[in-house]
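What follows is a single structure, written as structure tokens, with notes after it.
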Amino acid sequence: MSRRIAAKITGVSGYVPPRVMSNADLEKLVDTSDEWIRERTGIRERHVVEPGVGSSDLATAAARTLLESRGVSAEDIDLIVVASVTPDMMFPATACLVQDKLGATNAWGFDLSAACSGFVYALTVGAQFVGAGTQKKALVIGSDVMTSILNYQDRATCVLFGDGAGAVLLEPTDREDEGILDFVHDVQGSGGKYLYMPGGGSIHPASAETIAKKMHYIHQEGAQVFKYAVRRMAELACEMLERNGFTSRDLALVVPHQANLRIIRAMQERLGIDDSKVMINIERYGNTTAGTIPLGLRDAVEEGKLKKGDLVLLVAVGAGYTAGGVLLRWAY
């Protein structure tokens, strides 16, 4: 049975910082090569912030462009949900900082932490408020400054990530042929030990010892994460299509989390769809964590790959393990 929500996406935008770090640039920092990175990940370059730029800055830039493009005032926003694992600080929430920077004086908001699945989780949460009629305009933002938690001596992780943000505007709909049709989310907590940042929380607060042990960087067992992501992303996609009476032939576009090109291709093969139906931009941005899917939607719109009425599937797997997907009809 589907879980249709009476909410639709009415706008999308994204932002990446201007500075580009190519694979050649990484060759100067760590023992790696352009060929090694491209063959194993599909990444050619990524964008990185300048010192002092936080997730709230990227989120605000994406949201401001979105509001301007849709002719919506910041004061008209009721709710701001920010998905991020790299908040500017532990508190206040990034959503509070974004609210202030935008001048969204009538909005309330909060952060959501689900790593690479963060945006699809936040989209579902924001849509629940809009669909229930309690909020009329909600900003859902995925924003991460992953370079703030990268160890550039660890070639297995530092080549994967970039910085970026994307935002969507959610509004109510009473039409059956548009908006969010279904979602599936789950957590496999036993996988948390394979992708995590051990330092900085209540168990290991920042200290000279945690810094010396490099506990404030990403720690990952790549083979375990890869194996789970390949399987679960395909399973989620198939589950949503089947229970809503669709097949992969009905899809206009899949926008997957951009973690690794090989993961995306494996899911594509399982669904049996051609390249034209899969949004891929990992070569330009790397893995921007909560930013990948909204950036993918933004690029799909700009490249003319989405039109009103298209059936679209969003799917992601992230640290936790978290996993999630959203099935929707594009509404503009």
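Please give the direction-averaged projected area of the C-alpha convex hull for region 291-332, in square nanometres with one decimal.
3.0
Roughly how big is region 51-192's charge dipole about its Cα centre, with Cβ charges of +1 (Lys, Arg) and -1 (Asp, Glu), in debye to the nearest 20?
The calculation lands at about 280 debye.
Mind putting a number on the dipole of the chain about its Cα centre? Charges go on the C-beta only, +1 for Lys and Arg and -1 for Asp and Glu, and I need it in Debye to the nearest 20.
Dipole size: approximately 440 debye.
Based on DSSP, what percent of beta bridges with both residues in the chain are antiparallel, to the nearest 5?
Approximately 70 percent, going by the DSSP bridge assignments.
Once fully extended, how much extra length lies between E176 and Y152, figured as 0.36 nm per residue of separation less the alpha-carbon to alpha-carbon distance?
3.8 nm
Residue-wise, which Karplus ³J(HN,Hα) couplings in Hz belong to region 291-304, taking 6.51 cos²θ - 1.76 cosθ + 1.60, θ = phi - 60°, and x for glycine or proline?
Here the 3J(HN,Hα) series is x, 5, 5, x, 5, x, 5, 4, 5, 4, 5, 5, 8, x Hz.
Ignoring ligands, DNA and RNA, what accessible area per residue does region 120-242 give at 1.4 Å, in Å²?
Result: 43 Å² per residue.
How many nm separate the modelled label positions at D186 and D100, each set 7 Å beyond the Cα in the direction of the Cβ?
The answer from the label model is 4.1 nm.
Find how much the distance from R231 to R4 grows on full extension, using 0.36 nm per residue of separation minus their present alpha carbon separation; answer in nm with one decimal.
79.2 nm
Once the mean 1/r over all distinct Cα pairs of region 83-124 is inverted, what Kirkwood radius in angstroms do you read off?
10.8
Taking H as built 1.01 Å from N, whose amide H comes closer than 5 Å to the amide H of W108, not counting residues under 5 places away?
Long-range HN contacts for W108: L79, I80.
What is the spin-label model distance, in nm, from F110 to A212 if the labels are put 7 Å beyond Cα along the C-beta direction?
The answer from the label model is 3.9 nm.
Per residue of region 82-93, what does 6.51 cos²θ - 1.76 cosθ + 1.60 with θ = phi - 60° give for ³J(HN,Hα)? Whole Hz please, x for Gly and Pro, Karplus curve as stated.
The phi angles translate into 10, 8, 6, 10, 10, x, 4, 7, 4, 7, x, 4 Hz.
If each residue of separation counts as 0.36 nm, what is the full-extension length gain between L29 and Y196 once their alpha-carbon separation is subtracted?
Taking 0.36 nm per residue and subtracting the Cα distance, the gain is 57.8 nm.
Whole-Hz Karplus ³J(HN,Hα) for region 50-58, in order, using 6.51 cos²θ - 1.76 cosθ + 1.60 and θ = phi - 60°, x for Gly and Pro?
3J(HN,Hα) across region 50-58, in whole Hz: 7, x, x, 9, x, 4, 5, 5, 5.
Carbon and sulfur together cover what percent of the accessible area of region 1-114 at a 1.4 Å probe radius?
It is 51 percent, rounded to a whole number.
So what's the gap between the Cα centers of region 74-140 and region 259-293, to the nearest angstrom?
Distance between centres, Cα-based: 25 Å.
Taking Rg and Dmax of the Cα atoms in Å as the quantity of interest, determine which of (i) 21.0, 78; (ii) 27.0, 102; (iii) 18.7, 57 was computed from the displayed structure.
(iii)
Counting only protein heavy atoms and using a 1.4 Å probe, what share of the accessible area of region 226-332 belongs to carbon plus sulfur, as a whole percent?
Whole-percent figure for carbon plus sulfur exposure: 47.
Show me the GluC sites (Glu not before Pro) within region 201-304 that DSSP assigns to loop and that have at most 10 other Cβ atoms within 10 Å of their Cβ.
Here the sparse-neighbourhood loop sites are E303.
Count neighbours as other Cβ atoms within 10 Å of each site's Cβ, and list the chymotrypsin sites (Phe, Trp or Tyr not before Pro) in region 82-161 that are DSSP loop with at most 16 such neighbours.
Sparse-neighbourhood loop chymotrypsin sites (Phe, Trp or Tyr not before Pro): Y152.
With +1 on each Lys and Arg Cβ and -1 on each Asp and Glu Cβ, and nothing else charged, work out how big the dipole of region 206-277 is about its Cα centre, in Debye to the nearest 20.
That gives region 206-277 a dipole magnitude of about 180 debye.
To the nearest 0.05, how large is the calculated FRET efficiency for F246 and K136 if R₀ is 30 Å and r is the Cβ-Cβ distance?
0.50
In nanometres, what is the gap between the two model label sites at S69 and H219, each 7 Å from Cα along Cα-to-Cβ?
3.9
Over region 93-160, what is the relative contact order in percent, taking alpha-carbon pairs closer than 8 angstrom and at least six residues apart?
Rounded, it is 18 percent for region 93-160.
Which longest run of the chain has no exposed loop site in it, a site being trypsin sites (Lys or Arg not before Pro) in a DSSP loop with at most 11 other beta carbons within 10 Å, and the site itself not part of the run?
In short, 29-174.
Rounded, prolate or oblate for region 121-275? Axes are the square roots of the Cα gyration tensor eigenvalues, ordered a ≥ b ≥ c, and the cut-off for rounded is a/c under 1.5.
oblate
The values are calculated or read from the model by the stated rules, or taken from the named source; none is laboratory data. All figures in this text were calculated on a predicted structure; none of them were measured in a lab. So basically every Cβ, Gly included, is an ideal-geometry build from the backbone, and we count neighbours across all protein chains shown. Heads up: the accessible areas ignore ligands, DNA and RNA and are worked out on the full protein's heavy atoms, side chains in. Shrake-Rupley method; radii C 1.70, N 1.55, O 1.52, S 1.80 Å.
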